[in-house]
1. Of all residues in region 561-588, count the ones that are in a loop (DSSP other than H, G, I, E, B), at pLDDT 90 or above, surrounded by 15 or more Cβ atoms within 10 Å (Cβ to Cβ) and not hydrophobic (A, V, I, L, M, F, W, C).
2. Is it the case, given these coordinates, that Ser253 is within 17 Å of Leu326 (Cα to Cα), of a type outside the set (A, V, I, L, M, F, W, C) and at pLDDT below 90?
3. List the strands (runs of 3 or more DSSP E) inside region 1-112, counting only whole elements, that have at least 2 residues being open to solvent by 70 Å² or more (accessible area, probe 1.4 Å) and either aromatic (Phe, Trp, Tyr) or in contact (Cβ under 8 Å) with a residue 12 or more places away in the chain (or both).
4. Among the residues of region 116-125, is there at least one that is open to solvent by less than 10 Å² (accessible area, probe 1.4 Å) and in a loop (DSSP other than H, G, I, E, B)?
5. Hey, does region 361-376 have a residue that's of a type outside the set (D, E, K, R), at pLDDT 85 or above and within 30 Å of Ser206 (Cβ to Cβ)?
6. List pairs: first in region 502-517 and over 10 Å from Gly539 (Cα atoms), second of a type outside the set (Phe, Trp, Tyr) and at pLDDT below 85, Cβ under 8 Å, 6+ apart or cross-chain?
Amino acid sequence: MVSNLFPLFSAQKRIWYFKELSPSSAVYNIPFVVKINGKLNAGVLKNTINALVDRHETLRTAFFSIEGKPVQLIREQYVVHIDQRSFEKAYNQDDIEIAHLIRNEITQPIDLKNGLPFRLKLLNFPHSEHVLIFSFHHIIFDGWSLGVFFKEFSQLYVSKMYEQKVLGEPTVKPTLQYIDYVRWQETWLRSDDAITQLEYWKNKLSGYKDLVGFPKNVSANIKANVFAKGHLIHFNIDAKMLHSLKLLTAQTSASLFTVLLSAFKVLLYKYSAQEDMIVGIPVANRQKQELENMIGFFVNTLAIRTSLSGDPTFKTLLTNVHETVLDAYLHQDIPYDKVVEVLNPTRNGIQSSYFNTLFVLQNMPLSRLDLPELSIESLPYSTDTAKFDLSMTLFEREEMISAAVEYNTAVYDKDYIQQIITHYLNILQVIGTDPEKKLSAIDIYSRSGKARPNDSQNHAFSLVPVHIRFTRQAKLTPEKIVIHHNNKTISYSELDKLSNRIAKVLFDKGTTSNSIVGICMNRNIEMMISLLAILKAGGAYLPLDPAYPKERTRFTIQDADVNLILSESKLKDLLTDQDAEILLVDELLKINDPPEDTFDIHTTIQIHDLAYVIYTSGSTGKPKGVAIEHISLCNLLSWGKEYFKQKFSLQKNMFLKTT
């Protein structure tokens with residue numbers, strides 16, 4: 001075997017496979033663009049880059065596969081030639097041609113096999129103006145590496161420019177290289193410490209059912225895809241709000257990061273109504289001093305799982321999150337990819353297996369070039385890609401926090417993300433003022449505490465499917481009567497438990513998102529149990545009126561491709577000649593199994609998934625099915641609730657009856 005040929009680090013393997021799946025994607029490019037005013041010496045620039053490539057093996061590493069297995073080849077040497085382009089016109093940030101050129105450069109894929117794992121382009125303009133465009137591939141680079149790169153770049157450039165040694169200048173090649181870390185980790189993964197850390201994550205993630213994220217608001221039939229198109233929206237947390245949050249950290253001994261993360265989890269809870277959630281957080285993973293000045297891919301991701309059950313106060317939640325994060329830090333050495341490999345959860349698509357939202361607080365010094373006699377400023381850029389459905393990144397400054405949300409444009413639109421940002425800032429305002437508030441009392445709609453329920457476009461609750469709203473209410477008022485019919489009553493708790501029991505039956509028989517389940521029943525309590533059960537299992541219900549002719553019922557069942565029908569013993573003779581399997585709810589409820597009061601399917605329901613299907617009368621031909629999405633049902637109920645409250649000056653909520 002070639003002596004400078006090595007296997008990949010576990011996280012590198014993931015990125016390599018993604019690169020193979022989508023070779024034209026720039027999703028793992030790490031760009032950095034700067035404008036330089038002054039006489040930049042292109043020759044010294046070239047020598048500086050080559051000195052860095054000579055110092056750090058990662059910058060001259062190639063990646064390819066042998067017999068289907070990825071390997072990395074460390075080249076002995078590699079001479080870098082800087083791609084340059086000169087313009088006769090002066091630099092203008094609004095110039096379409098220049099903007100297009102910069103965007104094209106940072107979104108071009110990097111050839112890991114034949115070239116270097118980074119790329120550099122220099123644009124020269126009149127009046128000693130320049131734009132320097134860096135593009136690094138994540139397989140050998142991370143955010144910390146950017147700081148190392150620019151620190152050494154600045155020192156080496158000055159040294160070579162003035163032919164004199166600079167204080168702190170790296171003069172000797174590092175004794176340790178990234179590949180030494182890869183070897184160490186391969187050995188460490190077989191150690192008792194690694195086994196202990198892996199057991200921690202096994203226990204922490206055990207029983208987690210589903211990805212929890214913000215409900216998508218773009219109607220598109222897509223699969224989870226790390227190569228998604230993305231967009232970036234910036235916002236700020238001002239000095240006054242930051243001050244109140246820092247006071248909270250002083251009162252609780254929690255960090256600013258855990259305060260911001262806890263608020264983010266409240267936001268996610270308000271949108272998803274899920275009490276068990278995981279959010280990913282990245283860590284630099286450079287605890288050892290020897291790793292601090294290395295260029296390489298060290299960053300690890302921790303899956304922070306939190307329970308928001310029991311309607312705790314924000315301060316209680318903060319304590320929980322803070323302890324969980326500290327615990328996770330103690331077990332951060334094990335690569336997330338290794339955890340996923342061992343636990344092997346079943347998921348669709350190629351996205352992260354336990355979370356699709358990422359939360360980041362950057363409190364490292366800003367990466368910057370510092371060259372004498374040259375004025376340097378960073379230029380804004382966007383790769384128009386998204387690694388997750390939604391990532392929120394916050395940058396801590398002296399007087400404020402600047403932040404950005406990167407989102408998958410196939411899942412969310414700009415207005416929706418703006419709404420999420422507004423609600424997040426509202427939560428920060430509330431917890432900074434009153435951290436003892438229970439989660440249910442935190443109003444996300446207004447910083448003043450006055451909600452605006454009539455503004456449906458800003459009403460996050462309207463995006464929560466009806467059956468999830470019901471479950472939440474059942475936990476708040478378990479003993480309250482929810483249905484009174486023919487001298488029979490049932491409480492929220494009983495309805496929740498019994499519908500869970502039927503939902504489990506449906507789920508075990510294959511009901512999932514957008515499955516259509518028929519329901520042929522009289523109007524009674526069992527019918528309400530069945531409707532909730534279908535929605536909880538992830539399906540959409542299809543009403544089959546017992547009074548309809550058999551021919552119409554048969555046509556509807558066949559046309560909708562129904563495989564399961566919920567009915568009752570009194571009506572079973574109406575369905576004897578149907579191809580679908582008939583489940584008699586009254587008989588199922590007689591079985592002495594304990595109610596599935598702890599059963600939680602966690603089916604992935606999006607607001608554009610089907611809630612129910614109804615058929616037209618067929619007076620002008622054959623009956624036609626009309627598919628109703630969850631968002632339509634939510635909007636109907638929200639509108640009806642507010643409309644009738646105002647129309648009849650009702651002091652209490654009312655249920656909207658439709659026929």
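The values are calculated or read from the model by the stated rules, or taken from the named source; none is laboratory data. Keep in mind that what you see is a predicted model, and the values were worked out from it rather than measured. Quick reminder, even Gly has a Cβ in these numbers, built from the backbone with ideal geometry, and neighbours come from all protein chains shown. Quick note on the areas: whole protein, heavy atoms, side chains included, nothing else; ligands and nucleic acids left out. Shrake-Rupley method; radii C 1.70, N 1.55, O 1.52, S 1.80 Å.
1. Total satisfying the criteria: 2.
2. Here the answer is yes, as Ser253 does meet what is asked.
3. Numbers: elements: 5-7, 29-37, 61-66, 69-74, 83-86.
By residue number, 83-86.
4. yes
5. yes
6. Lys504/Glu596; Lys504/Ile601
A quick yes/no check of all residues on (1) over 24 Å from the mean Cα position of the chain (by Cα); (2) outside any helix (DSSP H, G or I); (3) modelled with pLDDT of 80 or more:
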| position | (1), (2), (3) |
| --- | --- |
| Ile139 | no, no, yes |
| Phe149 | yes, no, yes |
| Ser159 | yes, no, yes |
| Leu167 | yes, yes, no |
| Arg190 | yes, yes, yes |
| Tyr200 | no, no, yes |
| Val226 | no, yes, no |
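Listed here are the residues, each with its yes/no results for (1) in contact with a helix residue (DSSP H, G or I) (Cβ under 9 Å, 6 or more places away or on another chain); (2) within 12 Å of Val283 (Cβ to Cβ); (3) open to solvent by 60 Å² or more (accessible area, probe 1.4 Å); (4) not in a helix (DSSP H, G or I).
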| position | (1), (2), (3), (4) |
| --- | --- |
| Met294 | yes, no, no, yes |
| Thr301 | yes, yes, no, yes |
| Ile304 | yes, yes, no, yes |
| Asp311 | yes, no, no, yes |
| Thr319 | yes, no, yes, no |
| Val325 | yes, yes, no, no |
| His331 | yes, yes, no, yes |
| Ile334 | yes, yes, no, yes |
